[in-house]
Amino acid sequence: MANQTDPTAGLLAYVREVSLRDDDILRGLREETARLPGGAALQVMAEEGQLLGLLVRLTGARAVLEIGTFTGYSTLCMARALPAGGTVVTCDITDRWPDIGLPYWKRAGVDGRIELRIGDAAGVLEGLLAERGPDSFDLVFIDADKAGYPVYYAKALTLTRPGGLVVIDNTLFFGRVTDPGAQDPDSRAIRGLNAALLHDERVDLSLLPMADGITLARKR
């Protein structure tokens with residue numbers, strides 16, 4: 001079939017019904033996050049969290065880097081998918097939001113797999129490059145301030161091993177990427193990164209029209 005099926009509300013509900021594997025821990029963290037101002041919009045969808053866990057398993061990842069923790073729902077999903085001895089290094093500008101997720105990480109028994117770093121993301125990435133060197137992560141998930149995406153992607157690709165995966169969230173950015181009137185710094189950054197990725201011969205590329213746009217870039 002040549003054309004994509006229109007994702008109506010009913011069809012999306014069906015997809016969730018037949019594919020989402022949920023539990024009380026995941027649901028509890030989503031519900032607590034949704035009660036925060038802007039929380040529902042800022043956290044990843046349950047289906048996206050499940051996809052992230054699948055990608056961790058598919059890549060055989062043992063070292064995962066997350067740029068943008070928020071309340072740690074995606075962190076939890078990826079940490080659960082890691083094998084014994086695996087680690088998620090996750091960073092956020094403040095510990096205010098990750099502190100909400102910490103009890104859920106503990107309930108899931110994966111808090112020992114999660115290393116939280118607080119600070120400016122670009123600085124954290126520079127620190128990781130100095131500590132670990134390039135090619136030191138199997139999978140990187142980028143979901144932080146959008147204006148910083150071009151910088152985060154450049155550093156993330158250096159930190160990712162050949163054959164590893166960079167996953168970039170919000171690459172459709174609420175549809176603003178196709179609106180010429182959207183000239184705010186975030187929209188311009190996402191639009192510019194998408195254009196650059198198309199011609200980046202260092203990666204294999206796919207932009208999934210799921211959630212708010214999820215780009216997969218496999219480092220060659």
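Tell me the label-point distance for the pair ARG202, ASP145, using the 7 Å Cα-to-Cβ offset, in nm and rounded to one decimal.
Here the answer is 2.3 nm between the modelled labels.
Once fully extended, how much extra length lies between ARG220 and ALA9, figured as 0.36 nm per residue of separation less the alpha-carbon to alpha-carbon distance? Working shown, then result.
Values: separation 211, 0.36 × 211 = 75.96 nm, distance 3.71 nm.
The ARG220-ALA9 span can extend by a further 72.3 nm.
For segment 1-136, with the dipole built from +1 on Lys and Arg beta-carbon atoms and -1 on Asp and Glu ones, taken about the Cα centre, which of ALA84, VAL64, VAL124 lies farthest toward the positive end?
Among ALA84, VAL64, VAL124, the one farthest towards the positive end of the dipole of segment 1-136 is ALA84.
Which length gain, in nm to one decimal place, applies between ARG21 and ARG161 when the Cα-Cα distance is subtracted from 0.36 nm times their residue separation?
On the way: separation 140, 0.36 × 140 = 50.40 nm, distance 2.99 nm.
Additional length available on full extension: 47.4 nm.
Note down, for segment 105-203, the three equivalent ellipsoid semi-axes (square root of 5 times each alpha carbon gyration tensor eigenvalue), biggest first, whole angstrom. Don't skip to the answer; put the middle values down first.
Numbers: eigenvalues 138, 59, 34 Å².
Largest first, segment 105-203 gives 26, 17, 13 Å.
Run down the aspartates and glutamates and flag those whose C-alpha is under 14 Å from the C-alpha of LYS219, throwing out any fewer than 8 positions away in its chain.
The qualifying aspartates and glutamates are ASP135, ASP138, ASP200, GLU201, ASP204.
Suppose we keep just the DSSP beta bridges with both residues in the chain; what percent of those would be antiparallel, to 5? Walk me through the numbers on the way to the answer.
Numbers: 11 of 30 bridges.
The antiparallel fraction comes to roughly 35 percent.
Where a number appears in this text, it was derived from the coordinates with a stated rule and is not lab data. For clarity, every value in this text was computed on a predicted model and none was experimentally measured. Neighbour counts are summed over all protein chains in view; Cβ atoms, including those assigned to glycine, are modelled from backbone coordinates with ideal geometry.
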